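Okay, so here's the structure we're looking at.
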Amino acid sequence: MKKFFRHPSTITLIAVILIILILALFGFRITYNPSLDNNWDAISACAAWAAVVVSGLAIYFAIQAPKKIAEEQNKIALFEKRFEVYKVLMDCFAFTYMLENTDIPDSKCLEVFHLTFNDNAKLNPSTTWLEQMKTYSDVQNKLKMSEHLFGEDIGKEVTLLLADLLLLIQTKEGEVNEKKRQLVYIQQSNKVEKECTAKIKDLLSLK
């Protein structure tokens, strides 16, 4: 409703109505003087110009309505894409919370990651490495859109988060970097949550 009253066309219409009301209050009236000679050529010309003005206004409003609808649809589509990325980031933060509060070996991080990002998944020994890595691929495909949807600064931090995540879930049992990679991922995840979440929420607004 606020957008309707702020629209230039609405403001112009209200201004015209106010001017007419003010003139009426001061005694201005449209009257006819019988002594005047009717110039039908002038009347026809005025009628033609009036028709042009009315047609122009009709065309203007006919263009503005679809344009406004298209703008709203674009906003909704952008919101949906941004919200999808936001949800995946929330899952990343949930995964981080699990790493911080449970003793998960780095060699098992891929399994836990797979469970975290698949609501219907269960701990199943028959689940292959490729199936688990497909989960990472799905997450990567969504989060790599961060720069286009939220800007370069946020996109850069999310890209670093993805890189640290990939190194973590690829860690094998007995590797020298075990636990170190987990700490690096946790630090980057906490940084993204602290520095980027508020900005992302602001960009999710449909205003």
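The values are calculated or read from the model by the stated rules, or taken from the named source; none is laboratory data. Keep in mind it's a predicted model, so treat the numbers as computed, not measured. Glycine gets a Cβ as well: all are built from the backbone with ideal geometry, and neighbour counts include every protein chain shown. Note: accessible area is taken over every heavy atom of the protein model, side chains too, but ligands, DNA and RNA are not part of it. Shrake-Rupley method; radii C 1.70, N 1.55, O 1.52, S 1.80 Å.
Annotations
- Among the residues of region 117-144, those that are polar (S, T, N, Q), at pLDDT 80 or above and surrounded by fewer than 18 Cβ atoms within 10 Å (Cβ to Cβ) comprise S137, Q140, N141.
- Residue within region 50-57 that is open to solvent by 70 Å² or more (accessible area, probe 1.4 Å) and modelled with pLDDT of 70 or more present: no
- Condition check for E111: modelled with pLDDT of 80 or more, more than 22 Å from K191 (Cα to Cα) and open to solvent by 50 Å² or more (accessible area, probe 1.4 Å): yes
- Candidates in region 75-101 are the residues that are over 19 Å from T135 (Cα atoms) and open to solvent by 70 Å² or more (accessible area, probe 1.4 Å); of these, the one that is modelled with the highest pLDDT is E80.
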